[in-house]
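What follows is a set of notes on a single structure, which appears directly below.
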Amino acid sequence: MRIFIDALSAKAGGGITYMRYLPKALASIDKDSDYFILVSKRYQKGLIQDLPSNFHYYQVDIPSKPVIIRLLWEQFVLPLILLREHADLLYVVTQTACFLSPCPVIIALRNPNVYADFSQLIGFVNKMRRVIQRLITELSVRKAAKVIFVSESSMKQAARKIPVPASKRVVIYHGFDHSFVLQNPSLPSNLSWLGQKDFILCVSNISRHKNYPTLIKGYSLLLKQAMAEQTPDLVIVGGISDQRTYTIIMRLVHDSNLQERVHLIGAVKHSTLPSIYKAAKLFVLPSLQETFGHTLIEAMASEVPIVASDIPVIREICQQAAVYFDPNAPDDLRAKMEEVLSNSRLREKLIQKGLERAKAFSWEKCAKETLAVFKEVYNAAKGRS
């Protein structure tokens, strides 16, 4: 098979993690197929790694913004490349298909915003952007031979908003690189203070659906109702995906006089994350929406107890390895953080459950299941059973 993987949409968070590990895992199990991975030479150089000779990086000169440039390139230039290279299959790691593709297309529906309720969005432009995004996704589903979801919960939630035939649906969990916890780099000098105090950790990009205002409010309540001097600081790791949300967070921090207790340290190198997790006292994920939540597995594998939003996908991923709170109730978050921080027996139980649950995820398993989908679609296109 000659398989093209369109990775141009992978810019941050789970998309980067996915494209950092999936090609490597596929390379370990598939020596026969030829893979061509589309990346931008402008903003995705970090994704390029040494792989076997049957893997090729197809670098294109496309900027990260505006997104419309990438979309137009994928719709009108990519089909010509696929035709010229005699591609057998195109896998797009996001929800937008290449509509003129001369070969079968597989898409991955990993963006929760596509099927989320957008009635609460502020501004006509934002609402229209979401309407158009959903329409394009619906058309992409029609074009696709298969639609990959990264959790059962996200598949069920998407199916309520977007008609995805059952015959096209496939659930494949993301994997986890278990060598992550074996890395033992020292904290960089600008973050060395993290090794000198207890802290509550949240690792996630700053965007609206990550629900950071509830985290800040819940933490503020924790400081007021617990002994403030014994309460760990709050550390947030993640780049800014939504400037409006970042502004709201900073205003909350200022209005609550938390400048000395809440630390937004931005994005960090992936190699720095293990040392940050290992130093954390508690991990909190307050999201309103997720499709998977890779940082949950990182926290579980790093022996950090978890307090997380009580939403279906997080329960699916963590199962009994987390304490859950109502994501719309800051005081419930406060109570659950206080409970875990003060109960050593509960902390140890969560740590052990987390270590066991993390074993269920591997990139080898993810690659095997993904390759099986590739072969199924390829054989169907060739008229084979």
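Values quoted throughout were computed directly from the atomic coordinates according to the rules given, and no laboratory measurement underlies them. A quick note: this is a predicted structure, and the numbers were derived from the prediction, not measured. Cβ sites come from the backbone with ideal geometry, for glycine too, and all protein chains shown count toward neighbours.
Report the net charge of residues surrounding residue 300, where surrounding means a beta-carbon distance below 11 angstrom and charges are Lys +1, Arg +1, Asp -1, Glu -1. Write down the numbers at each step before the final one.
Details: positive: 353, 357, 359; negative: 298, 303, 356.
So the environment of residue 300 carries a net charge of 0.
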Evaluate the distance, in nm, between pseudo-label points positioned 7 Å from the Cα of residue 171 and of residue 368 along their respective Cα→Cβ axes.
-> 1.9 nm
Spacing of the two label points (7 Å from each Cα toward its C-beta) at residue 190 and residue 255, in nm | 2.9 nm
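Please compute the contact order of the chain in relative form: average sequence separation of alpha-carbon pairs under 8 Å and at least six residues apart, divided by the residue count, as a percent. All intermediate terms of the calculation are to be shown ahead of the outcome.
Values: 662 pairs, mean separation 60.0, N = 385.
With pairs under 8 Å counted, the relative contact order is 16 percent.
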Round to the nearest 10 and give me the degree value, 0 to 90, for the angle of helix 344-358's Cα axis relative to the longest principal axis of the chain.
-> 10 degrees
Dipole moment magnitude, nearest 20 debye, the range 100-245 about Cα centre, only Lys, Arg, Asp, Glu C-beta charged | 940 debye
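Assign unit charges at the C-beta atoms only (+1 for Lys and Arg, -1 for Asp and Glu), then state the dipole size of the chain relative to its Cα centre in Debye, rounded to the nearest 20. Write down the numbers at each step before the final one.
Working: 49 positive and 34 negative charges, 171 e Å.
Here the size comes out at about 820 debye.
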At a Cα cut-off below 16 Å, give the aspartates and glutamates reachable from residue 224, other chains included and same-chain residues fewer than 8 away excluded.
-> 233, 255, 260, 331, 332, 338, 339
Return one number: the angle in degrees, 0 to 90 and rounded to the nearest 10, between the long axis of the Cα atoms of helix 363-381 and the longest principal axis of the Cα atoms of the chain.
-> 30 degrees
Specify the angular offset, from 0 to 90 degrees and rounded to the nearest 10, of the alpha carbon long axis of helix 124-143 from the longest principal axis of the alpha carbons in the chain.
-> 50 degrees
Which FRET efficiency value, to the nearest 0.05, do you get for residue 243 and residue 355 by plugging their Cβ-Cβ distance into 1/(1 + (r/R0)^6) with R0 = 51 Å?
-> 0.85
Under 5 Å between amide H atoms, partner at least 5 residues away or on a different chain: which partners does residue 206 have, H built in plane at 1.01 Å?
-> 239, 240, 241, 242
Please get the size of the charge dipole for the range 76-155, origin at its Cα centre, with Cβ charges of +1 on Lys and Arg and -1 on Asp and Glu, quoted in debye to the nearest 20.
-> 240 debye
Can you sort 70, 160, 130 by how many other beta carbons sit within 10 Å, fewest first?
-> 160, 130, 70
What span do the alpha-carbon atoms of the range 13-163 cover on each of the three principal axes, reported in whole Å from largest to smallest?
-> 49, 32, 29
Looking at the square roots a ≥ b ≥ c of the eigenvalues of the Cα gyration tensor of the range 326-383, which shape do they give, rounded for a/c under 1.5, prolate if a/b is larger than b/c, or oblate?
-> oblate
Hey, could you pull the Cα Rg and Dmax for the range 167-277, both in Å?
-> 16.3, 56
Under a Gaussian network model of the chain whose springs join Cα atoms within less than 10 Å, the largest fluctuation of 295, 247, 94 belongs to 247
Tensor-based shape of the range 178-358 (alpha-carbon gyration tensor, a/c under 1.5 rounded, otherwise prolate or oblate) | rounded
In straight Cα distance, which lysines are under 21 Å from residue 210, not counting same-chain residues fewer than 8 positions off?
-> 11, 127, 156, 161, 269, 281, 336
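Assign one of three labels to the range 248-355, namely rounded, prolate or oblate, based on the Cα gyration tensor with a ≥ b ≥ c the square roots of its eigenvalues; rounded applies when a/c is under 1.5, prolate when it is not and a/b is larger than b/c, and oblate otherwise. Don't jump to the answer; show the numbers that get you there.
Numbers: a/c = 1.41, a/b = 1.22, b/c = 1.16.
The shape class here is rounded.
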Among 114, 126, 29 the positive-end extreme of the charge dipole of the range 29-126 (Cβ point charges) = 126
Any chance you could run the full-extension gain for residue 136 through residue 270? It's 0.36 nm times the residue separation minus the Cα-Cα distance, nm to one decimal.
-> 45.0 nm
Which semi-axes, in whole Å and largest first, does the equivalent ellipsoid of the chain have when worked out from the alpha carbon gyration tensor as the square roots of 5 times its eigenvalues?
-> 37, 23, 20
Near-label residues of the range 81-114 by backbone N, under 19 Å of a point 7 Å along Cα→Cβ of residue 61 | 81
